[in-house]
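Chemist: I'd like to ask you about the structure that follows.
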Amino acid sequence: MIKKQNDIFKLDTKNTSYIFRVMNTGHLEQLYYGAFVSDNDGYDALYEKSEVEYANSVLYCKDSGVVSLEQLCLEISGVGRGDFREAAVDLTLDDGSYVTDFVFNSYKIYDGKREINGLPSSFGDCTTLEIQLEDTVIDAKLTLFYHVFEACDIITRHMTVTAGGKTLTLTRAMSAMMDFPRGNFKLMTLCGTWADEMQKNEIELKRGVFCNDSKLGVSSNQHNPFMLLSDKNASEKSGDCYGFNLVYSGNHCEMAEVSAQNRTRVLLGINPFHFSHRLNSGESFETPEAVMTFSSCGSEGVSHAFHKFIREHIVRGAWAKKQRPVLVNSWEANYFDFDEEKLVAQAKAAAALGAELYVLDDGWFGKRNDDKSSLGDWFVNLEKLPNGLDGLQRRFAEIPIKLGLWIEPEMVSVDSELYKLHPDWAVAVRGSHFTMGRNQLLLDITRGEVRDYIVDVITNALKTSRASYIKWDMNRNIAEVFWLCEEHNSDFYHRYTLGFYDLMRRITGAFPDVLFEGCSAGGNRFDLGVLCYMPQIWLSDNTDAHRRAALQQNASMCYPQSVMGAHVSACPCHQTGRTTSLETRFAVACSGVLGYELDVASLDNAQREAVSQQIRFYKENANLLQFGTIYPLSFEEFDGAQGWIIVAPNKEKAIVMLYQSTFVANRRSLVMRLEGLAKDKKYRFESIDKRETHTATGDLLCRAGVRLNQRVMLENGEEKVRVMGDYSALLYEITQMQP
Ligand code: DGJ
C-alpha cells in the first residue's frame with residue numbers, strides 16, 4: 001500500500017513501513033524504515049530537528065532556514081550542495097561542472113510496474129510510486145521508482161536519469177540509497193573465491209565507508225551483491241535486520257557509510273568503477289532494480305522475505321514453481337574423456353537409479369579434448385559422438401532418459417574455427433598481449449553481430465540435440481576491455497551485462513520449456529539478474545559435503561533451495577580430497593536441486609542400492625525440499641554441529657539435516673530444537689536410519705527440543721545410538737500424525 005498525505009509518502013508492506021517527506025526545499029527527507037507503524041495525522045516527530053547552525057557546515061540556502069544536507073537522512077543525494085557523504089548520482093556537464101541539486105517536481109502512484117529497459121527485473125502484483133525530481137540549472141531529471149510487494153515485505157527501487165537540454169556524462173547512478181539516523185550496525189556480506197563461495201563476512205560498521213563490490217565484470221564469487229545490515233545485538237532469530245540485493249549480474253557496488261555524525265548511508269547499484277555513460281539531450285539511463293526488506297525477527301525474517309520474493313517475483317517461466325528433475329552430470333565422471341557408448345552406458349545406469357536427466361557437460365563440440373580449444377565452435381565432435389547430438393538423443397529416448405547439454409556461449413578459444421574467422425570479435429586490447437583465463441577469451445557481446453551469431457549457433461545446437469536442460473557456463477572474468485567500445489562510452493562492463501541479458505532473453509525465450517541452469521566456474525555469477533532468466537544456478541564446484549553444508553546454509557541467507565544446484569560427487573572429493581560417506585553427501589545435497597556428479601555406471605551393488613533409495617526419497621519429498629520454508633537450527637558450540645529444517649507450507653511434513661564436523665568422545669546428548677512446526681499438532685520425529693524415533697507435539701519439539709541419541713564414531717552393534725563419525729550428516733523426517 002502506498003499513501004500520500006500532505007508532504008508525506010508512506011509505503012506499507014504486511015510487516016514494514018517506509019516513510020519519507022518532501023521538505024520545503026524540495027529535497028526528500030527519509031524518515032523511517034522498519035517495523036510496521038500505523039498511520040498518523042502528522043509525522044513531525046520523525047523530522048530531523050535543526051534550528052542552530054553549526055560553525056563550518058554548509059547551509060543549503062539562507063531562505064530555507066538551517067538546512068544542511070549533510071545533517072539529514074535523504075532519499076537521494078547528488079554532489080556539491082553540502083552533502084559530503086557518498087552520492088547516489090554523479091555527473092559532469094561538458095563545461096566541467098558537476099554540481100547537482102535534484103528537488104521534488106511531481107509523483108504518480110499506480111498498480112503494477114513496467115519493465116526496465118534491457119535489464120531484468122521483478123514481475124507480478126505490486127504498487128508503484130514514481131517520483132520526479134528536477135534540477136533546473138543543469139536541466140536534468142531523476143525519476144525514482146518504488147515498487148511495493150506487500151505480501152513479501154519487499155520494496156524495490158531504481159531510478160532513471162534523463163538529460164534535458166544539455167549533454168551530460170553520468171559517472172555514478174546508484175539504484176537505491178537508504179539513510180538511517182544512527183550508526184551501531186553490523187554488516188554481513190557473502191564473500192569467497194572459486195570452490196569457496198558464499199563465506200560469511202561479518203563486520204561492525206565504524207565511521208568511514210565500507211564497500212562490497214565486484215570489478216570482475218560479473219557479480220562474482222568474491223562479493224555477492226546480497227548484504228545484511230543488522231542491529232548490533234540482532235541474531236538469526238531476533239532483532240532488527242535489513243536485507244539488500246541487486247537484480248544485476250555485472251560489476252556492482254554496495255556501500256555502507258557511517259558519517260562523522262554517526263548516521264548510516266547504504267548505497268547499492270552499478271559499480272562506478274570505469275562506469276561512464278554519455279547522455280545526449282532527451283536521452284535516459286535506467287539503473288538496475290535494488291531489492292530491500294526489513295525484519296524485526298532477525299536475519300531469518302530477511303531470508304524468508306527474500307526466498308518468497310525470489311520464488312514469486314524473480315524466477316519465472318515454465319519451471320518457476322515446477323519440481324526440478326534429478327540429474328546426473330558427466331563432468332567429474334568423464335571430464336573430456338568420453339564417447340557415445342560411455343555416455344549411453346552412464347545414462348542407462350542413471351535411469352536405472354531413478355534419475356530423470358543426464359547432462360552432457362563440457363567437451364562435446366569442436367575438437368575439445370581439454371580446456372585449451374574449441375570454445376565458439378558449437379558443432380558436434382564427430383569423433384566422440386559419430387551420430388551427432390541427434391543420434392545421442394535417439395539413444396537416450398530409448399532408455400528413456402532426458403538429455404541435458406553444457407554450453408559456454410560468451411567465450412572463444414584462440415584455437416578455434418571461430419577465432420580464425422573473427423579474431424576481432426574477442427575482447428582484447430589490440431597491440432597488447434592477451435590476458436588469458438582458463439585459456440580463453442571473451443566474445444565482445446556488446447556488439448549486435450556477435451550476439452546474432454551466438455544466438456544462431458547455440459539455437460541450432462539446442463534444436464539438434466532436443467535437450468531438455470541447458471547448463472550455461474562462464475569461466476573467466478573480464479580484463480582488458482576499453483578500446484573496443486563502439487561509442488567509447490567507457491561503460492563496457494555495463495554494456496557487456498546488457499549483451500548477456502539480450503543473449504539470455506533470446507536463447508531462453510526460444511526454448512520456453514527447457515530448464516536452464518546458470519553457472520560461472522561454480523557460483524561466480526549467482527545473482528537475481530541470472531535468476532530472472534534461469535530458474536537455478538550451480539552454486540559451487542566444491543561438492544565436498546563438509547564445505548557444502550556451510551556454503552549452502554550461507555547462501556540460503558538470501559537464496560531459496562529451489563535455485564541452488566547441489567550434487568553428490570565421488571570421493572575423495574575432487575576439490576578438497578576429503579572423504580565423506582554417500583549418506584552424508586546426499587543429506588547435504590538433497591537440500592537443493594539434487595544431482596549426481598560421478599560415474600554412476602561404475603557403482604557397486606551396495607552403492608547402487610543406496611543411490612536408488614536416495615533418489616526415491618528425494619522424489620517423494622522434492623516439492624518440500626525445493627520449495628519448503630528453511631530455518632537454520634541453532635546448536636550450542638558442540639562438535640561443530642550445524643543444521644537446518646525445511647518445513648512444508650501446510651506444516652504436515654518437515655525434513656531436518658544435521659551435520660557434525662568432528663567427533664569428540666564422551667559427549668552428552670545433543671539438544672536439537674526444531675522450528676516452524678504447528679505448535680499444537682503431534683509429530684513423529686524419526687531419523688532416516690530409523691534408530692531414533694519420538695512422538696511429540698510441535699511446541700515440545702520446537703521449545704524444548706529433542707535430546708538426540710548418543711553419538712558414536714563407528715557402528716558398534718547398538719541399536720539406539722547415532723553413528724556419526726567426522727564430517728557426517730544425518731537426515732530426520734518429521735511427520736504430522738493424524739489426530
Ligand atoms: C566449470 C563448471 O563449474 C563445472 O561444473 C564444469 O561445467 C566445467 N566448468 C566445465 O568446463
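The values are calculated or read from the model by the stated rules, or taken from the named source; none is laboratory data. Quantities reported herein were computed from a predicted structural model and do not represent experimental measurements. Using ideal geometry, Cβ is built from the backbone for each residue, glycine included, and neighbour counts are taken over all protein chains shown.
Chemist: Could you list all residues from region 13-27 that are of a type outside the set (S, T, N, Q), in a strand (DSSP E or B) and under 17 Å from residue 42 (Cβ atoms)?
Modeler: The answer is 19, 20, 21, 22.
A quick yes/no check of all residues on (1) in contact with a Lys or Arg (Cβ under 9 Å, 6 or more places away or on another chain); (2) without any contact (Cβ under 8 Å) to a residue 40 or more places away in the chain:
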residue	(1), (2)
162	yes, no
170	yes, no
188	yes, no
193	no, yes
197	no, no
218	yes, no
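Chemist: A further question on this structure: Filter region 276-335 for residues that are part of a loop (DSSP other than H, G, I, E, B), surrounded by 23 or more Cβ atoms within 10 Å (Cβ to Cβ) and within 16 Å of the ligand (Cβ to nearest atom) and give the result.
Modeler: Result: 330, single match.
Chemist: Of the residues that sit in region 380-408 and are charged (D, E, K, R) and over 26 Å from residue 522 (Cα atoms), which one is farthest from the ligand (Cβ to nearest atom)?
Modeler: Here the answer is 398.
Chemist: Another one. Pick out the one residue from 243, 250 that is in contact (Cβ under 8 Å) with a residue 40 or more places away in the chain, in a loop (DSSP other than H, G, I, E, B), touching a helix residue (DSSP H, G or I) at 6+ places or on another chain (Cβ under 6 Å) and surrounded by 24 or more Cβ atoms within 10 Å (Cβ to Cβ).
Modeler: 250
Chemist: Please state which of the following conditions residue 360 fails to meet, knowing it meets all the rest: (1) aliphatic (A, V, I, L, M); (2) within 14 Å of the ligand (Cβ to nearest atom); (3) in contact with an Asp or Glu (Cβ under 6 Å, 6 or more places away or on another chain).
Modeler: (3)
Chemist: State which residue pairs qualify: first residue closer than 16 Å to residue 546 by Cβ and inside region 589-603, second residue β-branched (Val, Ile, Thr) and in a strand (DSSP E or B) in any location, beta carbons under 6 Å apart, and separation of 6 or more residues or different chains.
Modeler: 589/568
Chemist: Here are 26, 42, 82, 34: which of them is over 38 Å from the mean Cα position of the chain (by Cα) and surrounded by fewer than 21 Cβ atoms within 10 Å (Cβ to Cβ)?
Modeler: Just one listed residue meets the conditions, 42.
Chemist: Checking residue 505 against (1) of a type in the set (Lys, Arg); (2) buried (at least 24 other Cβ atoms within 10 Å of the Cβ); (3) out of contact with any Gly (no Cβ under 7 Å at 6 or more places or on another chain), which single condition isn't satisfied?
Modeler: It fails just one condition, (2).
Chemist: Now for a different question. For residues in region 133-169 being more than 28 Å from the chain's Cα centre (by Cα) and outside any strand (DSSP E or B), which is surrounded by the most Cβ atoms within 10 Å (Cβ to Cβ)?
Modeler: So the residue we want is 138.
Chemist: Checking the conditions here, which among 384, 348, 372 is surrounded by fewer than 18 Cβ atoms within 10 Å (Cβ to Cβ) and not aliphatic (A, V, I, L, M)?
Modeler: After applying the criteria, what remains is 372.
Residues are listed down the side, and each one gets a yes or a no for (1) farther than 18 Å from residue 215 by Cβ; (2) at pLDDT 90 or above; (3) touching a His at 6+ places or on another chain (Cβ under 8 Å); (4) aromatic (Phe, Trp, Tyr):
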{"position": "456", "(1), (2), (3), (4)": "yes, yes, no, no"}
{"position": "471", "(1), (2), (3), (4)": "yes, yes, no, no"}
{"position": "476", "(1), (2), (3), (4)": "no, yes, no, no"}
{"position": "488", "(1), (2), (3), (4)": "yes, no, no, no"}
{"position": "493", "(1), (2), (3), (4)": "no, yes, yes, yes"}
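Chemist: Within the set of pairs 6+ apart or on separate chains, which have a first residue in region 392-415 that is under 30 Å from residue 435 (Cα atoms), a second that is buried (at least 18 other Cβ atoms within 10 Å of the Cβ) and small (Gly, Ala, Ser), and C-beta atoms under 6 Å apart?
Modeler: 405/465; 405/467; 412/376; 412/426; 413/373; 413/374; 415/373
Chemist: Take residue 200 and decide whether it is surrounded by fewer than 16 Cβ atoms within 10 Å (Cβ to Cβ), at pLDDT 95 or above and either on the phi > 0 side of the Ramachandran plot or part of a loop (DSSP other than H, G, I, E, B) (or both).
Modeler: no
Chemist: Right, here's the next one. Is there a residue being buried (at least 24 other Cβ atoms within 10 Å of the Cβ), within 14 Å of the ligand (Cβ to nearest atom), in a loop (DSSP other than H, G, I, E, B) and at pLDDT 95 or above anywhere in region 561-575?
Modeler: Checked region 561-575: no residue is buried (at least 24 other Cβ atoms within 10 Å of the Cβ), within 14 Å of the ligand (Cβ to nearest atom), in a loop (DSSP other than H, G, I, E, B) and at pLDDT 95 or above.
Chemist: Could you grab me the full set of residues in region 584-637 that are of a type outside the set (S, T, N, Q), away from the ligand (no atom under 16 Å from the Cβ) and in contact with an Asp or Glu (Cβ under 8 Å, 6 or more places away or on another chain)?
Modeler: Correct list: 610, 631, 632, 633.
Chemist: How many residues are away from the ligand (no atom under 12 Å from the Cβ) and either surrounded by fewer than 21 Cβ atoms within 10 Å (Cβ to Cβ) or more than 29 Å from residue 220 (Cβ to Cβ) (or both) if we restrict to region 459-476?
Modeler: 9
Chemist: Let me ask something else about it. Give me the residue from region 693-713 that is in contact with a strand residue (DSSP E or B) (Cβ under 7 Å, 6 or more places away or on another chain) and part of a loop (DSSP other than H, G, I, E, B) and, out of that set, surrounded by the fewest Cβ atoms within 10 Å (Cβ to Cβ).
Modeler: Here the answer is 710.
Chemist: Still on this structure, I have one more. Could you please let me know if residue 425 is among the aromatic types (Phe, Trp, Tyr) and either modelled with pLDDT of 95 or more or at positive phi (or both)?
Modeler: no
Chemist: To continue, here is another question. Looking at this structure, is residue 129 over 20 Å from the mean Cα position of the chain (by Cα), in a strand (DSSP E or B) and not basic (Lys, Arg)?
Modeler: Yes: the conditions hold for residue 129.
Chemist: In region 505-529, which residues are within 14 Å of the ligand (Cβ to nearest atom) and not aromatic (Phe, Trp, Tyr)?
Modeler: If the condition is that a residue be within 14 Å of the ligand (Cβ to nearest atom) and not aromatic (Phe, Trp, Tyr), then 517, 518, 519, 520, 521, 522, 523, 524, 525 are the ones that fit.
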